[in-house]
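Step one of this worksheet: look at the structure below.
The values are calculated or read from the model by the stated rules, or taken from the named source; none is laboratory data. It should be emphasised that the depicted structure is a prediction, and the values quoted were computed from it without experimental measurement. Here the Cβ is made from the backbone with ideal geometry for all residues, glycine too, and neighbour counts use every protein chain on show. Keep in mind that these areas ignore ligands, DNA and RNA; they rest on the heavy atoms of the full protein, side chains included. Shrake-Rupley method; radii C 1.70, N 1.55, O 1.52, S 1.80 Å.
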Amino acid sequence: MRAIKYGHACVRLEKDGQVLVLDPGAFSEPEALDGADAVLITHEHFDHWEPERLKKALDGRPGLRVWTNDGTADQLEQAGIPGSRISVVGHGDAFTAAGFEVEAHGEWHAVIHQDVPLVKNTGFLIDGQVFHPGDALTVPEHPVDTLLLPAHAPWSKLGELVDYMREVGAKRAYGIHDALLSELGQGVNVNFLGQLVKDTPYTATKPGDELSLA
């Protein structure tokens, strides 16, 4: 499996000639969707999917399908994406997308503020190795090798990320969800997480980075 980080929360996985893209949102590069066979969307917020880019990709690839939760599926259909191209999944579901074995974990987005309504959020575990939690600190039900860690968000703080990384206990973690972080902020994350999480090496990323899964 090959993993490439795109802008913000978007990661592209390639295996056996097939392409799976997670969370190609407004802060990620449009080319992340080039040649995609399947798209997974963790939740409905604009930084995790972008309507016009997704519709263009679907128009250009008749076999391309989207997997997401019911709340996000409703938003996709309202944006003009046919329901026939969408598969609705939720916590505990397992399915195959573009040759990848996927498990769905979690139900809700993390709390931003009591005045901000909660939306559905589904994390995805790919081939039992790579976990993308979306916008929540969901702990998968069994160990994973690679954690894609939301490095910065309106709903999180560094101390919570430390506890989350310790609880997941992955072999390695890469920063995603980082479009609003400066280089200085990236460095603070690396130093802080490196000092406090000894068993899971953390690496900050930038668009175009290939992530080592070995």
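Anything in the stretch 10-41 that is among the hydrophobic types (A, V, I, L, M, F, W, C) and open to solvent by less than 10 Å² (accessible area, probe 1.4 Å)? List them, or say none.
Correct list: 10, 11, 13, 20, 21, 22, 32, 36, 38, 39, 40, 41.
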Selection within the stretch 43-75 - under 17 Å from the mean Cα position of the chain (by Cα), open to solvent by less than 50 Å² (accessible area, probe 1.4 Å) and hydrophobic (A, V, I, L, M, F, W, C): 49, 54, 66, 67, 73
Filter result (of a type outside the set (S, T, N, Q) and closer than 13 Å to residue 202 by Cα) within the stretch 132-157: 145, 147, 148, 149, 150, 151
I'd like to verify a number: residues in the stretch 90-99 that are closer than 16 Å to residue 21 by Cα and either touching a residue at least 24 places away in the same chain (Cβ under 8 Å) or of a type in the set (A, V, I, L, M) (or both), how many? 4
Candidate set from the stretch 182-214 (those that are open to solvent by 40 Å² or more (accessible area, probe 1.4 Å), hydrophobic (A, V, I, L, M, F, W, C) and out of contact with any Leu (no Cβ under 6 Å at 6 or more places or on another chain)); member that is farthest from residue 146 (Cα to Cα): 184
Matching residues, the stretch 128-175, being assigned to a loop (DSSP other than H, G, I, E, B), surrounded by fewer than 17 Cβ atoms within 10 Å (Cβ to Cβ) and among the acidic types (Asp, Glu): 141, 145
Pair list, Cβ < 6 Å and 6+ apart or interchain, from the stretch 111-135 residues that are over 14 Å from residue 148 (Cβ atoms) to residues that are β-branched (Val, Ile, Thr) and surrounded by fewer than 16 Cβ atoms within 10 Å (Cβ to Cβ): none
Only one of 141, 107 that is modelled with pLDDT under 95, on the phi < 0 side of the Ramachandran plot and among the charged types (D, E, K, R): 141
Report, by residue number, each residue of the stretch 114-127 that is open to solvent by 10 Å² or more (accessible area, probe 1.4 Å) and either of a type in the set (Val, Ile, Thr) or in a loop (DSSP other than H, G, I, E, B) (or both). 114, 115, 116, 117, 118, 119, 127
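How many residues are open to solvent by 70 Å² or more (accessible area, probe 1.4 Å) and charged (D, E, K, R) if we restrict to the stretch 76-96?
Number of matching residues: 1.
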Which is within 23 Å of residue 12 (Cα to Cα) and in contact with a His (Cβ under 8 Å, 6 or more places away or on another chain), of 201, 150, 143? 150
